[in-house]
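The values are calculated or read from the model by the stated rules, or taken from the named source; none is laboratory data. Bear in mind the structure is a predicted one, so any value in this text is a computation, not a measurement. All Cβ positions, glycine included, derive from the backbone under ideal geometry; neighbour counts span all protein chains shown. Surface areas here come from the heavy atoms of the whole protein model, side chains and all, with no ligands, DNA or RNA. Shrake-Rupley method; radii C 1.70, N 1.55, O 1.52, S 1.80 Å.
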Amino acid sequence: MKTALQISLLPYNTFGIDVKTDFFIEYDSIAELQVALQSDIVKQNRILHIGGGSNLLFLKDYKGVVLHSAIKSIEKVREDSDFVYLKVGSGVVWDELVAYCVENDLGGVENLSLIPGEVGASAVQNIGAYGVEVQEAIVEVNTVDVETAVIRTFPNLACCYGYRDSIFKNELKGKYIITSVLFRLDKKPNFRLSYQHLEEEVLKIGNVNLQNVRQTIVAIRESKLPNPKISGNAGSFFMNPVISKKHFVSLQEKYPNIPHYYVSETEEKVPAGWLIEQCGWKGKRIGNAAVHDKQALVLVNKGGASGSEIVYLAEQIQISVNETFGIELKPEVNYI
Ligand code: EPU
């Protein structure tokens with residue numbers, strides 16, 4: 001177990017915000033986590049469990065204990081004629097798992113290539129991209145109860161997955177710590193290439209296979225999304241809003257080219273990036289915070305931005321999207 005006092009969280013958040021935490025604990029086994037949870041430091045302070053820090057925006061120093069998993073195992077637990085089941089430690093870097101699956105001819109997560117973050121957070125956030133959500137590959141989520149340090153397993157259905165949503169962000173927020181996730185991967189990949197022009201892009205580099213799908217998605221992401229090592233960011237800052245069909249139809253009359261995704265008979269999802277761009281924010285900068293010039297859904301730290309500077313920009317965007325379209329954008333990023 002690694003512990004530290006008063007350390008900077010700069011290496012632990014992709015927005016590149018320089019704040020400190022009173023205590024930092026990194027554990028590399030369930031047993032170590034259980035010991036940490038029963039310690040006075042954890043019992044007497046508030047705690048924040050972080051993954052790769054790719055969905056956090058720190059507004060000030062953290063007065064409490066930051067916990068981080070270094071459980072990094074990838075273990076094949078069973079296999080049948082169609083599937084391989086992998087139990088993956090919560091501290092495994094998400095994209096390293098995708099690379100492992102692609103190298104071992106296992107399908108199911110290739111569309112989620114290059115998403116920043118770690119496996120534990122992927123199961124909290126239900127990460128998604130290019131028509132696939134991670135919950136489709138999750139069998140169960142293994143956790144430890146923060147209060148009692150007792151192990152508990154949540155089968156997929158008990159996780160109440162939705163768009164960028166799970167029970168771990170709602171009723172059970174802060175109550176359980178994920179230690180590993182059991183994934184079911186396909187031996188015979190079932191490619192999902194209907195998102196925009198994905199199939200066309202894959203065919204430009206060769207056959208449809210796991211390697212080529214991964215390579216295409218990595219190239220698309222690299223062309224649109226800023227590299228957090230160069231410009232601090234947390235991927236999509238807002239969620240794509242779901243609006244009523246009635247509201248959508250009235251917007252479509254005014255903006256015939258408005259992109260949209262079918263949700264249900266009564267609802268449509270609209271890309272927040274499009275709404276923000278229409279309001280003229282793409283590439284705009286206020287102080288050290290800016291809207292990315294290639295994807296308006298991403299806010300970037302131009303260097304030395306404080307969390308409040310990013311929030312100020314986010315609020316201006318929310319006001320203007322609300323005034324123009326009558327839509328309230330909700331941050332996907334957590335303010336801490
Ligand atoms: N668009 C614009 N202007 C922009 C950005 C987008 O007009 O500045 C339009 C695009 O032309 C397209 C539509 O909006 O018609 C959708 O854009 P894109 O395919 O880039 O995806 P997105 O809806 O903006 C979502 C996810 C991303 C994920 C991509 C691909 C959310 C909040 N974001 O973005 O996830 O990679 O789809 O599947 O659902 C993340 O969560 O951090 C993330 C990057």
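Looking only at residues in the stretch 231-246 that are hydrophobic (A, V, I, L, M, F, W, C) and assigned to a loop (DSSP other than H, G, I, E, B), the one that is farthest from the ligand (Cβ to nearest atom) is Phe237. The residues of the stretch 265-289 that are closer than 20 Å to Ile230 by Cβ and among the charged types (D, E, K, R), listed by number, are Lys282, Lys284, Arg285. Residues in the stretch 23-36 that are assigned to a helix (DSSP H, G or I) and either within 16 Å of Asn142 (Cα to Cα) or of a type in the set (Gly, Ala, Ser) (or both): Ile30, Ala31, Glu32, Leu33, Gln34, Ala36. On the given criteria, is Glu147 in a strand (DSSP E or B) and of a type in the set (D, E, K, R)? No; evaluated as a whole, the condition is false for this residue. Scan the stretch 43-60 residue by residue and report those that are open to solvent by 70 Å² or more (accessible area, probe 1.4 Å) and in a loop (DSSP other than H, G, I, E, B). Within the stretch 43-60, Arg46, Lys60 qualify.
Output the number of residues of the stretch 184-221 satisfying the condition of being in a strand (DSSP E or B) and out of contact with any helix residue (DSSP H, G or I) (no Cβ under 8 Å at 6 or more places or on another chain).
2
Would you check which residues across the stretch 65-115 are open to solvent by less than 20 Å² (accessible area, probe 1.4 Å), assigned to a loop (DSSP other than H, G, I, E, B) and of a type outside the set (A, V, I, L, M) and list them? Ser90, Gly91, Ser113, listed by residue number.
Taken as a whole, the structure leaves Ile317 outside the set of residues that are part of a loop (DSSP other than H, G, I, E, B), of a type outside the set (Asp, Glu) and open to solvent by less than 40 Å² (accessible area, probe 1.4 Å). Taking each residue of the stretch 46-63 that is more than 23 Å from Trp94 (Cβ to Cβ) and of a type in the set (Lys, Arg) and looking for partners that are open to solvent by less than 30 Å² (accessible area, probe 1.4 Å) and not in a strand (DSSP E or B) with beta-carbon atoms closer than 9 Å, six or more apart or interchain, yields Lys60/Val19; Lys60/Gly307.
The combined condition, being in contact with a strand residue (DSSP E or B) (Cβ under 9 Å, 6 or more places away or on another chain) and more than 24 Å from Asn55 (Cα to Cα), is not fulfilled by Tyr255.
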